[in-house]
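Here is the structure we will look at, set down as structure tokens.
The values are calculated or read from the model by the stated rules, or taken from the named source; none is laboratory data. Everything numeric in this text was worked out from a predicted model, so none of it was measured. As a convention, Cβ positions derive from the backbone with ideal geometry for all residues, glycine included, and neighbour counts pool all protein chains shown.
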């Protein structure tokens, strides 16, 4: 009888050990898959907009936000926009501006091209009271992604805004034409090619896209004016009216 009980105990303990191992292995796989999905779809499991700290935990080279956005306990009066903006994002203007016009844009989108065409007019009209910020919103690994990566490479040479404004004058819609255009603007060709070939900014372009989907961006001509979201295509007059509405709250 004693041997029978011992065998039963042995089999029971072995079964428990196997079940425990299966549970542990399954949990590890689930956690790994969750982290992987979060890296591609920020906020998918948390249900909230990523904070600057959360973005810093990713492999994408973001740094501290330039403007207040994310802490849940942050005083509402201190927030200008809920959109995370970092020094990886091209910006015309200062972090101290009253209003941030944030373009989640695709350079191939006609409505976005209209906004780009009015950049100088907006800067002349508002000066330091308004800052313009660019965040990419283009499908990862698409043709436009390469164009926007090139624009970021040119940002390192101080030519980001000049490049996206000059794109309509390119002689073609391929990488060679874009590089020729950039060279004509004064870009160092070797530095530009090394940057683009290394895909140094692919992670930034892709992260902007996935991040945009968590804050309500649905197309390549979405605009935030501080915390106000506009997904419809607007004329420059309509955009100016939206900016003036927000500026009036600072008077």
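Residue-wise test of (1) farther than 16 Å from residue 151 by Cβ; (2) outside any loop (DSSP other than H, G, I, E, B); (3) at pLDDT 95 or above.
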site: 206; (1), (2), (3): no, yes, no
site: 213; (1), (2), (3): yes, yes, no
site: 222; (1), (2), (3): yes, yes, yes
site: 241; (1), (2), (3): yes, yes, yes
task = Taking only region 174-190 into account, find how many residues are within 24 Å of the chain's Cα centre (by Cα) and either in contact (Cβ under 8 Å) with a residue 60 or more places away in the chain or in a helix (DSSP H, G or I) (or both).
result = 4
task = Consider residue 87 carefully, then state whether it is at pLDDT 90 or above, surrounded by fewer than 17 Cβ atoms within 10 Å (Cβ to Cβ) and part of a loop (DSSP other than H, G, I, E, B).
result = no
key: Test result for residue 194, assigned to a helix (DSSP H, G or I) and either surrounded by 14 or more Cβ atoms within 10 Å (Cβ to Cβ) or free of Cβ contacts under 8 Å to residues at least 24 places away in the same chain (or both)   = yes
task = Can you confirm whether region 225-232 contains a residue that is touching a helix residue (DSSP H, G or I) at 6+ places or on another chain (Cβ under 7 Å), outside any helix (DSSP H, G or I) and in contact (Cβ under 8 Å) with a residue 40 or more places away in the chain?
result = yes
ask   = Quick check: anything in region 100-108 crowded, with 17+ Cβ neighbours inside 10 Å, out of contact with any helix residue (DSSP H, G or I) (no Cβ under 9 Å at 6 or more places or on another chain), modelled with pLDDT of 55 or more and outside any helix (DSSP H, G or I)?
value = yes
task = Please specify each residue of region 117-152 satisfying the condition of being surrounded by 22 or more Cβ atoms within 10 Å (Cβ to Cβ) and not in a strand (DSSP E or B).
result = 137, 138, 147, 148, 149, 150, 151, 152
task = Go through the residues of region 64-75 one by one and say whether even a single one is in contact with a strand residue (DSSP E or B) (Cβ under 7 Å, 6 or more places away or on another chain) and either under 15 Å from residue 135 (Cβ atoms) or modelled with pLDDT under 90 (or both).
result = yes
